[in-house]
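Below is one structure, written out as structure tokens; the observations come after it.
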Amino acid sequence: MDNLLGVHALVFSGGTQPEDVARIVPRAAAAGYGLVEFSLHDCRPDAAPVIDTAGTRALLEQHGLQVAASRGLAVDADVSSEDPAVVERGVELVRHSMQVTHELGGRIVTGALYSAFGKAGAPLTDQGRANVVASLRQVAGEAAELGMTLGLEICNRYETNVLNTAADALRLADDIGADNVMIHLDTYHMNIEETDLVSPVLAVGDRLGYVHVGENHRGHLGGGHIDFPAFFRALASIEYAGPITFESFSDAVVMRSLSNDLAIWRTLWTDSDELAAHAYAMITGWQAAV
Ligand code: MN
């Protein structure tokens, strides 16, 4: 397996200010990774970008790193809402995140682009789902003009009511009907929602465009009960060639808004460099063993 290996920026620093980026990029490269994924959680279309896109892009290039970005939407800017004004703000938020990612030099923007991030109080409605389909079809058309891909990250029931399983995501992607909308699997969420870690990979097949590897507790890779050898064998069996990004969170590194949404209340690790290097060794070991 010869995938580009990435690391989530929150392994190293909690924000996307220049001082955060200066901490993140060199350390991601030093740990062996070829890609950094930034969370654009603190970017909004009605405010100047927090992240210095030109400076970040230059630093990434200096260290030979590629970039991807991810985010969830917000309660007041949510394409799965029934309120047209909230939906329109959701479209603006996805569009803005796509443009920031493009300025960073990235081609993939992913995450919960289909709903507000957090525990829903009721099931998704038919009108809400229709709004997701129409909204993401519209932004996917704009993304295609920039050569960009939108990911549907499958998240667990406590973070979204739009899609929790690979089957949900395949149905939604079918309904959106755009070639540049791909599916993003995350082992942490799969562990909660799927029957196993292999059948969703086989079901998604060549529509898999991005992968997060995270433990069931979101700490050190290999320190939980996720069956990574089986998961990597499944990726190899579908000849998955896209990025594989390590995702882990600890209250040792905090972006308060995102950490609250992700329920990061514990100190699962304190040494980012050790965590990242360890994860890199685990991933390459699992890849070599398939
Ligand atoms: Mn994830």
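For the condition crowded, with 19+ Cβ neighbours inside 10 Å and either more than 30 Å from residue 237 (Cα to Cα) or within 16 Å of the ligand (Cβ to nearest atom) (or both), what is the one hit in 7, 50? Break it down into steps so the answer makes sense when it comes.
Numbers: 50 fails: crowded, with 19+ Cβ neighbours inside 10 Å.
When all the criteria are applied, what remains is 7.
Only one of (1) touching a residue at least 24 places away in the same chain (Cβ under 8 Å); (2) surrounded by fewer than 16 Cβ atoms within 10 Å (Cβ to Cβ); (3) over 17 Å from the mean Cα position of the chain (by Cα) fails for residue 157. Which number is that?
Among (1) touching a residue at least 24 places away in the same chain (Cβ under 8 Å); (2) surrounded by fewer than 16 Cβ atoms within 10 Å (Cβ to Cβ); (3) over 17 Å from the mean Cα position of the chain (by Cα), residue 157 violates only (3).
Are there any strands (runs of 3 or more DSSP E) wholly within the range 21-127 with 3 or more residues that are of a type in the set (A, V, I, L, M) and under 18 Å from residue 184 (Cα atoms), and if so which? Outline the logic, then answer.
Values: elements: 35-39, 66-73, 108-116.
Here the list reads 66-73, 108-116.
Do we have residue 241 as away from the ligand (no atom under 16 Å from the Cβ) and in contact (Cβ under 8 Å) with a residue 60 or more places away in the chain here? Spell out how you get there, then give the answer.
On the way: away from the ligand (no atom under 16 Å from the Cβ): yes; in contact (Cβ under 8 Å) with a residue 60 or more places away in the chain: yes.
The answer is yes for residue 241.
Just to check your reading of the model, which residue among 78, 20, 83 is free of Cβ contacts under 8 Å to residues at least 60 places away in the same chain, touching a strand residue (DSSP E or B) at 6+ places or on another chain (Cβ under 8 Å) and not aliphatic (A, V, I, L, M)?
On the way: 20 fails: touching a strand residue (DSSP E or B) at 6+ places or on another chain (Cβ under 8 Å); 83 fails: touching a strand residue (DSSP E or B) at 6+ places or on another chain (Cβ under 8 Å).
Being free of Cβ contacts under 8 Å to residues at least 60 places away in the same chain, touching a strand residue (DSSP E or B) at 6+ places or on another chain (Cβ under 8 Å) and not aliphatic (A, V, I, L, M) holds for just one of 78, 20, 83, which is 78.
Can you tell me which residue among 150, 136 is within 16 Å of the ligand (Cβ to nearest atom), at pLDDT 95 or above and crowded, with 24+ Cβ neighbours inside 10 Å? Please lay out each step first, then the result.
Numbers: 136 fails: within 16 Å of the ligand (Cβ to nearest atom).
Of 150, 136, the one residue that is within 16 Å of the ligand (Cβ to nearest atom), at pLDDT 95 or above and crowded, with 24+ Cβ neighbours inside 10 Å is 150.
Yes or no: residue 7 touching a strand residue (DSSP E or B) at 6+ places or on another chain (Cβ under 6 Å) and either in a helix (DSSP H, G or I) or farther than 28 Å from residue 215 by Cβ (or both)? Don't jump to the end; show me each part of the working.
Details: touching a strand residue (DSSP E or B) at 6+ places or on another chain (Cβ under 6 Å): yes; either in a helix (DSSP H, G or I) or farther than 28 Å from residue 215 by Cβ (or both): no.
In short, no.
Taking residue 91, is it more than 16 Å from the ligand (Cβ to nearest atom), among the aliphatic types (A, V, I, L, M) and crowded, with 24+ Cβ neighbours inside 10 Å?
Values: more than 16 Å from the ligand (Cβ to nearest atom): yes; among the aliphatic types (A, V, I, L, M): yes; crowded, with 24+ Cβ neighbours inside 10 Å: no.
Judged against the criteria, residue 91 is not a match.
Considering only residues that are in contact with a Leu (Cβ under 8 Å, 6 or more places away or on another chain) and on the phi > 0 side of the Ramachandran plot, which ones fall in the range 26-65?
Within the range 26-65, 32 is the sole residue that qualifies.
Residue-by-condition table, conditions (1) of a type outside the set (A, V, I, L, M); (2) closer than 26 Å to residue 182 by Cβ:
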residue	(1), (2)
16	yes, yes
22	no, no
34	yes, yes
38	yes, yes
49	yes, yes
68	no, yes
87	no, yes
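Listed residues 122, 140, 130; which is under 23 Å from residue 78 (Cβ atoms), free of Cβ contacts under 8 Å to residues at least 12 places away in the same chain and out of contact with any Gly (no Cβ under 8 Å at 6 or more places or on another chain)? Quick ask: steps written out before the conclusion?
On the way: 122 fails: free of Cβ contacts under 8 Å to residues at least 12 places away in the same chain; 140 fails: free of Cβ contacts under 8 Å to residues at least 12 places away in the same chain.
Of the residues listed, the single one that is under 23 Å from residue 78 (Cβ atoms), free of Cβ contacts under 8 Å to residues at least 12 places away in the same chain and out of contact with any Gly (no Cβ under 8 Å at 6 or more places or on another chain) is 130.
May I ask you to verify whether residue 211 is buried (at least 18 other Cβ atoms within 10 Å of the Cβ) and touching a helix residue (DSSP H, G or I) at 6+ places or on another chain (Cβ under 8 Å)? Quick ask: steps written out before the conclusion?
On the way: buried (at least 18 other Cβ atoms within 10 Å of the Cβ): yes; touching a helix residue (DSSP H, G or I) at 6+ places or on another chain (Cβ under 8 Å): yes.
It is true that residue 211 is buried (at least 18 other Cβ atoms within 10 Å of the Cβ) and touching a helix residue (DSSP H, G or I) at 6+ places or on another chain (Cβ under 8 Å).
Look at the range 153-201 and say how many of its residues are closer than 15 Å to residue 108 by Cα and either touching a strand residue (DSSP E or B) at 6+ places or on another chain (Cβ under 6 Å) or within 16 Å of the ligand (Cβ to nearest atom) (or both). Reasoning before the result, please.
Within the range 153-201, the subset closer than 15 Å to residue 108 by Cα is 153, 178-185.
Subsequent filtering for residues that are either touching a strand residue (DSSP E or B) at 6+ places or on another chain (Cβ under 6 Å) or within 16 Å of the ligand (Cβ to nearest atom) (or both) retains 153, 180-185.
Adding up the residues that qualify gives 7.
Of the residues 171, 157, 207, which single one is out of contact with any Phe, Trp or Tyr (no Cβ under 9 Å at 6 or more places or on another chain) and within 19 Å of residue 78 (Cβ to Cβ)? Before you say what the answer is, go through the steps one by one.
On the way: 171 fails: within 19 Å of residue 78 (Cβ to Cβ); 207 fails: within 19 Å of residue 78 (Cβ to Cβ).
None of the others qualify; the one that does is 157.
Suppose we keep only residues that are under 26 Å from residue 30 (Cβ atoms), of a type in the set (A, V, I, L, M) and in contact with a strand residue (DSSP E or B) (Cβ under 9 Å, 6 or more places away or on another chain) within the range 231-277. Which one would you say is surrounded by the fewest Cβ atoms within 10 Å (Cβ to Cβ)?
Here the answer is 268.
The values are calculated or read from the model by the stated rules, or taken from the named source; none is laboratory data. Given the structure is predicted, the values throughout are model-derived calculations rather than measurements. Every residue, glycine as well, gets a Cβ built from its backbone with ideal geometry; the counts of neighbours run over all protein chains shown.
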